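*Asks:* Shown below is the structure under consideration.
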Amino acid sequence: MQDYKLEIDVEKQTIQGITILNLKMFQQICFVVKNNHLEGWKPEAKDVKRLVEQANKPEQSIIDEINEAF
């Protein structure tokens, strides 16, 4: 079994090899990934890609949940 490694390259703005061109979005997703990684999450490239997709076009159900919480 291969050891897991979280790969974040700040200069290239990549997380697990996924490039995030928007600096603010990169910083925000990086924060989310790092915090959840500390809790035991081991994100793969597909997970980071999904986060980027959601940041670009969030699902209405997620927006509704956030609005309900606040």
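*Asks:* On the basis of being in contact with a helix residue (DSSP H, G or I) (Cβ under 6 Å, 6 or more places away or on another chain), without any contact (Cβ under 8 Å) to a residue 24 or more places away in the chain and not aliphatic (A, V, I, L, M), does Gln13 make the cut?
*Replies:* yes
*Asks:* Taking the stretch 45-56 as the region of interest, how many residues are touching a residue at least 24 places away in the same chain (Cβ under 8 Å) and open to solvent by less than 100 Å² (accessible area, probe 1.4 Å)?
*Replies:* Counting residues in the stretch 45-56 that are touching a residue at least 24 places away in the same chain (Cβ under 8 Å) and open to solvent by less than 100 Å² (accessible area, probe 1.4 Å) gives 5.
*Asks:* With more than 15 Å from the chain's Cα centre (by Cα) and surrounded by fewer than 13 Cβ atoms within 10 Å (Cβ to Cβ) as the only criterion, which of Glu39, Glu59 stands out?
*Replies:* Checking each option against the conditions leaves just Glu59.
*Asks:* Would you say Thr14 is hydroxyl-bearing (Ser, Thr, Tyr) and surrounded by 14 or more Cβ atoms within 10 Å (Cβ to Cβ)?
*Replies:* yes
*Asks:* May I pose another question? Given the stretch 7-70, what helices (runs of 4 or more DSSP H) lie entirely inside it while holding 2 or more residues that are at pLDDT 90 or above?
*Replies:* Per the criteria, 23-38, 45-56.
*Asks:* Just give me the residues in the stretch 19-36 being farther than 13 Å from Asp9 by Cα, in contact (Cβ under 8 Å) with a residue 24 or more places away in the chain and open to solvent by 60 Å² or more (accessible area, probe 1.4 Å), in sequence order.
*Replies:* Result: Gln28, single match.
*Asks:* Got a number for residues in the stretch 21-52 being over 21 Å from Ile62 (Cα atoms) and aliphatic (A, V, I, L, M)?
*Replies:* 4
The values are calculated or read from the model by the stated rules, or taken from the named source; none is laboratory data. The structure presented is a predicted model; accordingly, all values stated were derived computationally and were not measured. Don't worry about glycine lacking a Cβ; one is built from the backbone with ideal geometry, like all the others, and counts go over all protein chains shown. Surface accessibility is based on the protein's heavy atoms, side chains included, excluding ligands, DNA and RNA. Shrake-Rupley method; radii C 1.70, N 1.55, O 1.52, S 1.80 Å.
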